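Reviewing the structure listed below.
The values are calculated or read from the model by the stated rules, or taken from the named source; none is laboratory data. The shown structure was predicted, so the numbers you read here are calculated from the model rather than taken from an experiment. Because the Cβ atoms are built from the backbone with ideal geometry, glycine has one as well, and the counts that use them run over all protein chains shown. For the accessible areas, the whole protein counts, side chains as well, though only heavy atoms, and no ligand, DNA or RNA atoms are used. Shrake-Rupley method; radii C 1.70, N 1.55, O 1.52, S 1.80 Å.
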Amino acid sequence: MPLVSIQIASRTYELACGEGEEARVQELAAYVDEKVCELRLQLPPGAPEVKLLVFAALMLADESREARGIAKAAESARATATDSAETLATALEDLITARVDKMQKKVSGAA
């Protein structure tokens, strides 16, 4: 299992990760560190590091929940669009079939 070195809140951590996941772990750690840095500017000077990390975790959990909600809404919209497209396709097929039947009757009547 490869080790990856990450830095969050000016501290370095060595973490084991899955093969090929090193870059992703570093990317995620950089994002967490970015949130901690943002919070550091908003909280009073000297706020305990653990408080920064707890707030960062809460911010990230909020982002994750919001993203899941957006994904769920998008999936629902996709399903509705698929249902609408299938309904439209069925209606068009019925219309075409009715027109073809009507044309066949005209041709048969003319013969």
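Structure notes:
- Contacts under 9 angstrom Cβ, first residue in the stretch 15-35 being on the phi < 0 side of the Ramachandran plot, partner of a type in the set (Asp, Glu) and open to solvent by 60 Å² or more (accessible area, probe 1.4 Å), 6 or more apart: Lys35/Glu63
- Remark: pairs (first residue in the stretch 54-70, in a helix (DSSP H, G or I); second residue open to solvent by 60 Å² or more (accessible area, probe 1.4 Å); Cβ separation under 7 Å; 6+ apart in sequence or on different chains) are absent.
- For Asp33, the conditions (1) open to solvent by less than 60 Å² (accessible area, probe 1.4 Å); (2) among the acidic types (Asp, Glu); (3) under 14 Å from the mean Cα position of the chain (by Cα) all hold with the exception of (3).
- Flag if Arg78 is open to solvent by 70 Å² or more (accessible area, probe 1.4 Å) and modelled with pLDDT under 95: yes
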